[in-house]
1. Residue pairs, Cβ under 9 Å, 6 or more apart or interchain, first in region 268-289 and within 15 Å of residue 249 (Cβ to Cβ), second charged (D, E, K, R) and assigned to a loop (DSSP other than H, G, I, E, B). List them.
2. Does residue 152 meet the test of being of a type outside the set (Ser, Thr, Tyr), surrounded by 18 or more Cβ atoms within 10 Å (Cβ to Cβ) and farther than 29 Å from residue 21 by Cβ?
3. What number of residues within region 183-200 are assigned to a loop (DSSP other than H, G, I, E, B), modelled with pLDDT of 55 or more and touching a Gly at 6+ places or on another chain (Cβ under 9 Å)?
4. Kindly indicate whether residue 43 is closer than 29 Å to residue 136 by Cα, part of a strand (DSSP E or B) and at pLDDT 90 or above.
5. I'd like the residue in region 230-280 that is in contact with a Ser or Thr (Cβ under 9 Å, 6 or more places away or on another chain) and closer than 18 Å to residue 128 by Cα and, out of all such residues, is surrounded by the most Cβ atoms within 10 Å (Cβ to Cβ).
6. Go through (1) buried (at least 22 other Cβ atoms within 10 Å of the Cβ); (2) out of contact with any Asp or Glu (no Cβ under 9 Å at 6 or more places or on another chain); (3) modelled with pLDDT under 95 one by one and return the number of the condition residue 143 breaks.
7. Among the residues of region 161-172 satisfying the criterion of being in contact with a Phe, Trp or Tyr (Cβ under 7 Å, 6 or more places away or on another chain) and either part of a helix (DSSP H, G or I) or farther than 15 Å from residue 27 by Cα (or both), which is modelled with the highest pLDDT?
8. Just for region 19-34: of the residues that are part of a strand (DSSP E or B) and touching a Lys or Arg at 6+ places or on another chain (Cβ under 6 Å), which one is surrounded by the fewest Cβ atoms within 10 Å (Cβ to Cβ)?
Amino acid sequence: MPPQANCALPPGYQLDRYRIERQLSVGGFSIVYLAVDDDGTAVALKEYLPNSLALRKEGEIEPQVPEDNLPAFRYGMKCFFEEGRALAKLMHPNVVRVLNFFRANGTVYMVMQFERGRTLHDYIQKHRGELRENLIRAVFARMLNGLREVHAHKLLHLDIKPSNIYLRNDGTPVLLDFGAARQTLMNDQPFLKPMYTPGFASPEQYEGRNGLGPWSDIYSVGASLHACIVGTAPPRADDRVKGDTLQPLTKTHASRYSNQLLGLVDWCLQLDALKRPQSVYALQKALMQKEAGDPMPASWFTDIGSRLRSFIGRA
């Protein structure tokens, strides 16, 4: 049976102090809207609405939740709300800023700063197989600053992928759309359909929450780097566990990128979590080296913002 489709709230609908302009995106777990607050400031408004648990039909405002689904729906709503509370404490230029979160219409909403630009996924699709190594290093060096802050607050992202790495108009990256609440809901409610992203999710995300850690996000970073280089995600991790067909990038792409960068991606994509970098700091340190023991010049990183603007501006 195909998954049910939830209808978005209509343009012009007033929700707390926010007026909805239009839908930005929809997934199996939530709907994201462009809205404006009472001051006319644009925000991204994320609505908790898992389509496996609740249904909102055309013309309705409050979703209908079958009695059997109420425990799971309420538990997921609690996880979503607590995630919003935790993210609101984060103030980092490379992590999406959560401004507010509230309950309404029988569900919960997260209000985030609206960023102007495009996703790394869109950039990859436009320049498939042609991303320059310096651009890749620059984007991920900045993005990993944000991920370090996330991990420092004892949080995990659990849905890192190119469509959740947003490139602002000035070229700087920002991490969007955390998946920790989705992962918690999935693992605590085994009858629900998986909510991870195949190809980017780590092997341990298929096995339960106990094995998750910073190394899980690091696998997803490696998969995102793989997409930058190859143009596509690597094979699903659960399929790789059964029979690994993934060829090391050091063998397949040595003519286009440095052996050090390719080896770093292969390192992140190890199926054994203990064989990956165990911290974002370790990964970032490796990313800042052109070759082993040969760090990038310090000036390259202090001027990384203007380099990113230059790279993105030429696209």
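The values are calculated or read from the model by the stated rules, or taken from the named source; none is laboratory data. None of these values were measured; they are calculated from a predicted model. Ideal geometry is used to build each Cβ from the backbone, glycine not excepted, and the neighbour counts take in all protein chains shown.
1. What qualifies is 268/276; 269/276; 270/276.
2. The answer is no for residue 152.
3. 3
4. Spelling it out, residue 43 is indeed closer than 29 Å to residue 136 by Cα, part of a strand (DSSP E or B) and at pLDDT 90 or above.
5. Filtering region 230-280 for residues that are in contact with a Ser or Thr (Cβ under 9 Å, 6 or more places away or on another chain) and closer than 18 Å to residue 128 by Cα, the one surrounded by the most Cβ atoms within 10 Å (Cβ to Cβ) comes out as 265.
6. (3)
7. 167
8. Filtering first and then ranking leaves 34.
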